[in-house]
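Student: Provided herewith is a single structure, encoded as structure tokens, for subsequent inquiry.
The values are calculated or read from the model by the stated rules, or taken from the named source; none is laboratory data. Quick caveat, the model's predicted, so the values are computed rather than measured. Cβ: placed from backbone, ideal geometry, glycine included. Neighbour counts: every protein chain shown. Surface areas here come from the heavy atoms of the whole protein model, side chains and all, with no ligands, DNA or RNA. Shrake-Rupley method; radii C 1.70, N 1.55, O 1.52, S 1.80 Å.
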Amino acid sequence: WPPHHQAPLLNAPQVLQMIGIIIVQHDPCRGHGRYPLRVYGLMAFSVGITAVCTVRNEYIVKHYRIALHVQNSVLYASGAALNVTAFFLVSNPSSAQAGLGFFDGYDSPLAVAVVACNTLIGIAINLVYKYADAVLKCIATDCTAVVLCIISAIFFNLRTSL
């Protein structure tokens, strides 16, 4: 996947999104972008890093002999260990919040739901890498962003602009 004759079609959503971003970022009253040029440079740098990481992640998931569930277990266990270690070794820069514990703020079901959703998203992305490819993951991410913007505009009164 994909057949070579369909490969150009897979780039169309990304090209469309890029054109949309350019249109939205142009301020016609001032005749230039909404943000300084360095912000767009940082965005391009971020896109480059994301692209390299996405391709590398797909390669690791598809070609390493270690099973996918073992890779996920190691990933999540390492992340938990690093976070707990950082919590105890790195001082809190805000003296007003110095008394916060590691699980402060997680008494809300919504906070727990966010963590659970991010965990499921991580597992789903690995399955997409394993059984499809990075291009399909990018298309799914683009579609998700559009759906979330529509939901936010309808239910959370997000003020959209063009």
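Student: Testing residue 63 on (1) loosely packed, with under 10 Cβ neighbours inside 10 Å; (2) over 20 Å from residue 136 (Cα atoms), one condition comes back false. Which one is that?
Tutor: Answer for residue 63: the failing condition is (2).
Student: Need the failing condition index for residue 107 against (1) touching a residue at least 12 places away in the same chain (Cβ under 8 Å); (2) outside any helix (DSSP H, G or I); (3) not basic (Lys, Arg), just the number.
Tutor: With (1) touching a residue at least 12 places away in the same chain (Cβ under 8 Å); (2) outside any helix (DSSP H, G or I); (3) not basic (Lys, Arg) applied to residue 107, the lone miss is (1).
Student: Would you check which residues across region 17-50 are open to solvent by 70 Å² or more (accessible area, probe 1.4 Å) and touching a residue at least 12 places away in the same chain (Cβ under 8 Å) and list them?
Tutor: 17, 23
Student: Separate question: Among all residue pairs at least 6 apart or on different chains, which show Cβ distances below 6 Å where the first residue, located in region 132-152, is within 16 Å of residue 61 (Cα to Cα) and the second is open to solvent by 70 Å² or more (accessible area, probe 1.4 Å) and of a type in the set (A, V, I, L, M, F, W, C)?
Tutor: These pairs meet every condition: 134/55.
Student: Go through (1) within 27 Å of residue 17 (Cα to Cα); (2) surrounded by 11 or more Cβ atoms within 10 Å (Cβ to Cβ) for residue 84 and report which single condition fails.
Tutor: Result: residue 84 fails condition (1) only.
Student: Within region 112-130, can one find any residue that is open to solvent by 80 Å² or more (accessible area, probe 1.4 Å) and over 18 Å from the mean Cα position of the chain (by Cα)?
Tutor: Within region 112-130, not a single residue is open to solvent by 80 Å² or more (accessible area, probe 1.4 Å) and over 18 Å from the mean Cα position of the chain (by Cα).
Student: For region 60-95, which residues satisfy the criterion of being touching a helix residue (DSSP H, G or I) at 6+ places or on another chain (Cβ under 9 Å) and not in a helix (DSSP H, G or I)?
Tutor: Result: 64, 66.
Student: Hey, does region 134-148 have a residue that's closer than 19 Å to residue 67 by Cα and assigned to a helix (DSSP H, G or I)?
Tutor: The answer is yes, given that some residue of region 134-148 is closer than 19 Å to residue 67 by Cα and assigned to a helix (DSSP H, G or I).
Student: Pick from 60, 49: which is under 30 Å from residue 16 (Cβ atoms), modelled with pLDDT of 85 or more and hydrophobic (A, V, I, L, M, F, W, C)?
Tutor: Result: 49 is the single residue among 60, 49 that is under 30 Å from residue 16 (Cβ atoms), modelled with pLDDT of 85 or more and hydrophobic (A, V, I, L, M, F, W, C).
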